[in-house]
1. Using the charge dipole of the protein assembly as shown (Lys, Arg: +1 at Cβ; Asp, Glu: -1 at Cβ; taken about the Cα centre), state which of C:Trp21, B:Ala73, D:Val111 has its Cα farthest towards the positive end.
2. Can you give the Kirkwood hydrodynamic radius of the range C:2-91 from its Cα pairs, in Å with one decimal?
3. Evaluate the distance, in nm, between pseudo-label points positioned 7 Å from the Cα of D:Ser87 and of A:Ala89 along their respective Cα→Cβ axes.
4. Let me spell out the model: positive unit charges on the Cβ of Lys and Arg, negative unit charges on the Cβ of Asp and Glu, origin at the Cα centre of the protein assembly as shown. What dipole size does that give, in debye rounded to 20?
5. If you find the alpha carbon centre of the range D:1-45 and of the range D:118-197, how far apart are they in angstrom?
6. Given a cut-off of under 8 Å on Cα pairs at least six residues apart, what relative contact order in percent is computed for chain C?
7. Along the positive direction of the dipole of the protein assembly as shown (beta-carbon charges: Lys, Arg +1; Asp, Glu -1; about the Cα centre), which of C:Leu49, B:Leu18, A:Met84 reaches farthest?
8. So what's the net charge close to A:Gly13: Lys and Arg +1, Asp and Glu -1, counting the other residues with Cβ under 15 Å from its Cβ?
Amino acid sequence: MNSSLLYALAGVGLFTLGLYALIVHTHLLRKILAINVMGSGVFLVLVALGGRIPGTPPDPVPHAMVITGIVVAVSATALALALMLRLRAETGQERLPEEPSGY
Amino acid sequence: MVLQWLFDGVLVLTLLWLAWRALRSPDLFTAIVLFIAFGLVMALAWVRLQAPDVALAEAAIGAGLTGALLLAALARLNVLADSTNDDQTAGTENE
Amino acid sequence: MAVFYSGVALFLLLTLVAGLWRVLQGPTPADRMLAAQLFGTTAVACLLLLAQAFGRPHLRDVALVFALLAAVTAVAFVRRTWTVREEDDAAD
Amino acid sequence: MSVADRNRLALLFRWVLLLLLLALAGGLAYALLSLPDQAPGLSERVTANMERSGVRNPVTAVLLNFRGYDTLLEMGVLLVALLGVWSLGTAAQQRRVVPEPVLSFLVGGLVPVMILMAGYLLWTGAHAPGGAFQAGSVLAASGILLLLSGKRLPAWLPGRSLRFVLVLGLGVFVAVGVTLMSASGLFLQYPSSLAGGLILFVEAAATLSIGVTLSALFLGGRPDQGE
């Protein structure tokens, strides 16, 4: 038993939390935050599983993947925010149009 | 190494709690601030997982870029917003 | 000595959790933002302690990046969010 | 459908969703806990090939050498994200602001140190934590600080020179790959003697591109030309 398993489980928790918020909230900024939390959960699982075996140095391949993942996530966030602002300018709403209001 | 286990436990619980509060706080600004704090704590988690490269990337992105991006987007949303601030009412309906 | 450093790091982590209270309570946005900045400062101290405790000097680079870039979020807040809110107040 | 009905339906939906997500989390946690203790990762192969990589930091070796394709394509993703943002419209006009003395002082002190830090991270990435992505992010932070401080972009910047820097990282990466392909037959197959220098060269171009791309993403639109 290694403490990295703890972090892997926390990653699963973060992924689930983010997925819940992604489904439940209609405000697009909240959806963007939720996707980012989901991504962090996935990164946590990847790195934690790479350092699972005690006594050996952690696997560098997941680390490299996660570094590229973090930079891609931030650029995707910027694109999503720009899309949200454009949608807001077009429709006056920051929600997706086909969803019923109420949640 | 009870101390390290305690450290890990507190760190993981803080992460989960921050994410939870960030995703369901009624005020959007609070949500963003909590998300920034979440990024900072994530960097500590990477350090504990012996991934200093990832911690560096997360520190640079989390402290420097994500916060600025989100705050600027929120400011532009608020500039566009009319006086009825419906994101707050939508948040409180969930309670 | 490593145990001492780990203990102090744990203590700092706990103060960080206490700072969360201000983020959640803070009556004005500035209170919340400053509490988040406190997170950054505490994280710097935590990183330095961990670097010392486990003998990994490279963690100091992470702390340095943290300390350098903390200002960006604060400036973004002051220049974007806070001015907008002030203008809102003035318009009311 | 009455309001009460809709509320009840929403509550039911919420509970079903919670149950499904709990099942998902439980399944994932079970999968994690039941993983075998010893798994053959790629760790050993990376260690075995480290001498040929030209750098001493395994993460940099994986990013720029062993899995160079990933990084190459990621530079493409960054560029595509920026193109997406630019195609959505022009950046909001910066209001002309009176330069504040405190902010000007802060920016004047911080930005050079940040650029220095980016250079340090780029250089140290060969043998210690650091590398192009970290250096690029720090560079981007300094760019964002400059944009936030209300400094006007020089008029020549948003034109050709900006676009040149944006594609520089991807361009250099592809050019190095193609040159190597014509020499050795394999795309991005560095000869071990030149690997260190080539990696630093590619990383320097990538750092510049990443920094400028991320700063441009912060603008939230295509910068106005001329003006």
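1. D:Val111
2. Numbers: mean 1/r = 0.0690 Å⁻¹.
One decimal place: 14.5 Å for the Kirkwood radius.
3. With each label placed 7 Å out from Cα toward Cβ, I get 1.6 nm.
4. Values: 31 positive and 31 negative charges, 115 e Å.
Magnitude of the dipole: close to 560 debye.
5. Taking the Cα centre of each part, the range D:1-45 and the range D:118-197 sit 40 Å apart.
6. Numbers: 72 pairs, mean separation 25.8, N = 92.
Normalised by residue count, the contact order of chain C is 28 percent.
7. Highest projection toward the positive end goes to C:Leu49.
8. Working: positive: B:Arg21, B:Arg24; negative: B:Asp8.
Its environment carries a net charge of +1.
The values are calculated or read from the model by the stated rules, or taken from the named source; none is laboratory data. Model, not experiment: these values are computed from the prediction. Every residue, glycine among them, receives a Cβ derived from its backbone with ideal geometry; neighbour counts consider all protein chains shown. To get the accessible areas, we keep the full protein, side chains included, count just its heavy atoms, and leave off ligands, DNA and RNA. Shrake-Rupley method; radii C 1.70, N 1.55, O 1.52, S 1.80 Å.
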